[in-house]
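The structure appears below as structure tokens.
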Amino acid sequence: KAGVTQTPRYLIKTRGQQVTLSCSPISGHRSVSWYQQTPGQGLQFLFEYFSETQRNKGNFPGRFSGRQFSNSRSEMNVSTLELGDSALYLCASSSGGQANTGELFFGEGSRLTVL
Amino acid sequence: KQEVTQIPAALSVPEGENLVLNCSFTDSAIYNLQWFRQDPGKGLTSLLLIQSSQREQTSGRLNASLDKSSGRSTLYIAASQPGDSATYLCAVHQAGTALIFGKGTTLSVSS
């Protein structure tokens, strides 16, 4: 069974640009969560989607957005990039459910560098 | 607000040693606790998931315990190997929220 797939794995952007990251969850999983990981802040929750609806949202500015498609694949977008957005962006999938307390499985991440 | 703490932040041991990693959380109203491993520059690999009703879970050389009332979990690694070198993260799950992570313990096992 294939794991969580994130693309691209690495990307370099300049300040002011925008970026779109993609995540394909494990087959059959309906919940996709996104996290930002930086050396200083650790892992911080961005948002979670379940059945194409945003179910939960972290404390990030509106420049960070996401969506989920009918096949459960998810994308996140960051507009007007800032230097501080440089991070490893991790996607996690789970089977979901009402409270979404199932085991989470993570992808390898997308390493974003903003110059 | 739930806070998760992992102590120590870093640990170095010789190969073959048994070791314990600690995780504490401030709010005992959790659904479950999950331990992960992260290699440098990589994603997170799920190691063990303990439901709030369980006391421990085992997988191979790994054993995780949970004491919800005291807000503590431990990850026991038996007979450590150089390949165990990585950062170990614990995370708790509460109703209506995302996983809340600790900052991790970076383990180095020398041969």
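Taking the conditions exactly as written (in a loop (DSSP other than H, G, I, E, B) and either over 10 Å from the mean Cα position of the chain (by Cα) or under 29 Å from A:S110 (Cα atoms) (or both)), does B:I30 satisfy them or not?
Details: in a loop (DSSP other than H, G, I, E, B): yes; either over 10 Å from the mean Cα position of the chain (by Cα) or under 29 Å from A:S110 (Cα atoms) (or both): yes.
Taking the combined requirement at face value, the residue satisfies it.
One residue is enough: does region B:87-104 have a residue meeting the conditions farther than 25 Å from A:G40 by Cβ and modelled with pLDDT of 95 or more?
Scanning region B:87-104 turns up no residue that is farther than 25 Å from A:G40 by Cβ and modelled with pLDDT of 95 or more.
What about B:S73, is it at pLDDT below 95 and more than 14 Å from every other protein chain (Cβ to nearest Cβ)? Explain how you work it out, then say what you get.
Details: at pLDDT below 95: no; more than 14 Å from every other protein chain (Cβ to nearest Cβ): yes.
No, not satisfied.
Would you call A:F45 out of contact with any His (no Cβ under 8 Å at 6 or more places or on another chain) and at pLDDT below 95? Spell out how you get there, then give the answer.
Working: out of contact with any His (no Cβ under 8 Å at 6 or more places or on another chain): yes; at pLDDT below 95: yes.
When the stated conditions are applied, A:F45 passes them.
A:R15 - would you say it is among the charged types (D, E, K, R), part of a loop (DSSP other than H, G, I, E, B) and either crowded, with 21+ Cβ neighbours inside 10 Å or away from chain B (no Cβ under 14 Å) (or both)? Talk me through it step by step, then tell me what you get.
On the way: among the charged types (D, E, K, R): yes; part of a loop (DSSP other than H, G, I, E, B): yes; either crowded, with 21+ Cβ neighbours inside 10 Å or away from chain B (no Cβ under 14 Å) (or both): yes.
So A:R15 fits the description; yes.
Just the residues that are within 11 Å of another protein chain (Cβ to nearest Cβ), surrounded by fewer than 16 Cβ atoms within 10 Å (Cβ to Cβ) and of a type outside the set (D, E), please, taken from region B:10-41.
Across region B:10-41, the qualifying residues are B:P40, B:G41.
Among the residues of region A:57-75, write down those that are within 14 Å of chain B (Cβ to nearest Cβ), surrounded by fewer than 19 Cβ atoms within 10 Å (Cβ to Cβ) and in contact (Cβ under 8 Å) with a residue 24 or more places away in the chain.
A:F60
Would you confirm, using the coordinates I've provided, whether B:A98 is buried (at least 18 other Cβ atoms within 10 Å of the Cβ), of a type outside the set (K, R), touching a residue at least 24 places away in the same chain (Cβ under 8 Å) and within 14 Å of another protein chain (Cβ to nearest Cβ)?
no
The values are calculated or read from the model by the stated rules, or taken from the named source; none is laboratory data. Just so it is clear, the structure is predicted and the values come from calculations on it, not from any experiment. Quick reminder, even Gly has a Cβ in these numbers, built from the backbone with ideal geometry, and neighbours come from all protein chains shown.
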